[in-house]
Amino acid sequence: MLIPLILSGGSGTRLWPVSRKNLPKQFLNLAGEGTLFQQTIERTRELPHVAAPIVVASEDHRFLAADQLLELGIRDATIVLEPLARNTAPAIALGALQALQRDADALLLVLPADHLIGDTAAFVAVVKQAVPLAEQGWLVTFGIRPDRPETGFGYMLAAVREAHANTSADLDFVRIDRDTFAQVPDNSIDYAVMEKTRHAAVIPVSCTWSDIGSWSALWLTGNKDAQGNLREGDTLSINSHNSLLRSHDRHLLATVGIDDLIVVTTPDATLVAHRDAAQDVKKIVEQLKASGRSEHSLHRVVHRPWGSYDSLEAGERFQVKRIVVKPGAALSLQKHHHRAEHWIVVSGTAEVTCDDKIFLLGENQSTFIPLGSRHRLRNPGKVPLELIEVQSGSYLGEDDIVRYDDVYGRA
């Protein structure tokens with residue numbers, strides 16, 4: 001059996017402001033149907049004799065990976081959680097050790113989760129070609145035939161084995177011991193293995209490949225209009241050429257007389273850059289991080305294992321959120337030291353716990369959660385629960401949460 005090993009720990013800083021630390025590019029719909037992560041999984045299902053995948057993901061992305069696997073109907077994948085980023089060599093070593101628990105002769109197909117492949121048939125054909133070589137002990141790589149120069153491409157197992165030995169089960173995830181894994185060198189598979197082996201093989205392949213490493217790379221792969229513009233979302237362009245224009249929901253992006261630009265809007269940030277400077281977008285992320293701003297890591301819409309929330313408006317002593325809770329899901333039993341909350345149900349049914357009371361709220365009904373009260377919100381229904389939450393108080397940060405009980409292990 002061929003076991004796909006999906007590496008899903010990247011941060012995608014050069015695709016800011018759409019890709020961010022807590023929602024990186026592999027979990028986004030950037031090109032084609034589904035996210036890049038889902039497209040990678042779907043390609044493996046075209047292979048013969050393929051086993052359930054092993055996914056190596058950041059601990060922060062565990063519920064994103066699990067949810068997107070469930071959307072594909074995949075329930076037997078193994079998700080190994082990296083407690084911190086240590087590049088591709090340790091991630092592959094973790095996946096290999098996990099695979100050995102299934103099969104002492106495991107054959108791995110290692111795939112980054114954030115690559116775009118336009119020709120699935122060519123991908124399947126080259127993997128079939130590689131299997132006999134791998135079975136003979138070769139480390140087989142796929143060499144993409146270059147179609148342009150690209151400066152963005154670049155040409156440890158003892159410590160990893162100890163970290164993998166200290167795993168623990170957390171819901172449906174395999175959690176790696178953080179302190180042990182922190183001792184693993186931060187190294188890529190290129191330097192740690194491929195430069196040192198005498199058993200490497202390369203199979204050339206042409207499969208319309210891109211690592212979507214920058215906005216200019218995405219522009220190259222996309223379907224452009226007659227003026228050479230790649231347009232996503234609600235956009236208008238007049239006398240504009242060879243540009244990437246991407247807008248978010250309910251927001252019109254209009255350009256006049258521009259050439260060779262990247263213009264990307266999100267609800268809380270806008271990027272304007274020359275296409276030739278696309279690799280430098282990561283410098284913006286570095287500045288945001290250094291200045292302590294949240295836009296490098298969080299979108300206005302934040303995904304949680306129970307659903308999501310959208311920060312609609314905020315002031316000095318108030319904040320308004322739109323909260324969506326999945327059917328059957330529940331937030332933790334919690335309290336706040338510095339804020340009270342009003343909940344207004346827009347659609348669905350809410351089960352509310354407030355101190356010693358448990359009651360239901362229907363559409364257009366509301367309740368008040370006093371400061372310091374132990375409370376919980378649960379969706380007992382079969383459709384998503386949507387509500388508006390109005391917070392008021394002296395401090396409204398997400399770290400003002402004391403959890404007493406949580407089905408997702410965050411208490």
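Things worth noting here:
- Between L23, L70, L36, L30, the distinction of being out of contact with any Ser or Thr (no Cβ under 7 Å at 6 or more places or on another chain) and either charged (D, E, K, R) or surrounded by fewer than 20 Cβ atoms within 10 Å (Cβ to Cβ) (or both) belongs to L70 only.
- Taking the stretch 349-375 as the range and being aliphatic (A, V, I, L, M) and either surrounded by fewer than 11 Cβ atoms within 10 Å (Cβ to Cβ) or under 20 Å from G328 (Cα atoms) (or both) as the test, the residues that pass are A350, V352, I358, L360, L361.
- Any pair with Cβ under 8 angstrom, 6 or more apart, that starts in the stretch 66-94 at a residue that is within 18 Å of G12 (Cα to Cα) and part of a loop (DSSP other than H, G, I, E, B) and ends at one that is open to solvent by 40 Å² or more (accessible area, probe 1.4 Å) and at pLDDT 90 or above: none
- Single match in H241, H274, H248 (criterion: modelled with pLDDT under 95 and either of a type in the set (K, R) or open to solvent by 20 Å² or more (accessible area, probe 1.4 Å) (or both)): H248
- Of all residues in the stretch 338-348, those being assigned to a strand (DSSP E or B) and surrounded by fewer than 19 Cβ atoms within 10 Å (Cβ to Cβ) number 5.
- The set of residues in the stretch 53-65 that are open to solvent by 20 Å² or more (accessible area, probe 1.4 Å) and outside any helix (DSSP H, G or I) contains only S58.
- Residue match in the stretch 96-104 (condition: closer than 22 Å to S11 by Cβ and either modelled with pLDDT under 90 or not charged (D, E, K, R) (or both)): no
- So P90, is it at pLDDT below 90 and more than 17 Å from the chain's Cα centre (by Cα): yes
- Failed condition for P327, given (1) over 25 Å from L64 (Cα atoms); (2) surrounded by 13 or more Cβ atoms within 10 Å (Cβ to Cβ); (3) touching a Lys or Arg at 6+ places or on another chain (Cβ under 9 Å): (1)
- A200 fulfils the conditions (1) open to solvent by 50 Å² or more (accessible area, probe 1.4 Å); (2) at pLDDT below 95; (3) of a type outside the set (V, I, T); (4) farther than 16 Å from N29 by Cα except for a single criterion, (1).
- Residue check, E162 assigned to a loop (DSSP other than H, G, I, E, B), of a type in the set (D, E) and either at pLDDT 85 or above or on the phi < 0 side of the Ramachandran plot (or both): no
The values are calculated or read from the model by the stated rules, or taken from the named source; none is laboratory data. This structure is a prediction, so every number in the text was calculated from the model and none was measured. Virtual Cβ from ideal backbone geometry, glycine too; neighbours counted across all protein chains shown. Please note that ligands, DNA and RNA were not included when accessible areas were found on the heavy atoms of the full protein model with its side chains. Shrake-Rupley method; radii C 1.70, N 1.55, O 1.52, S 1.80 Å.
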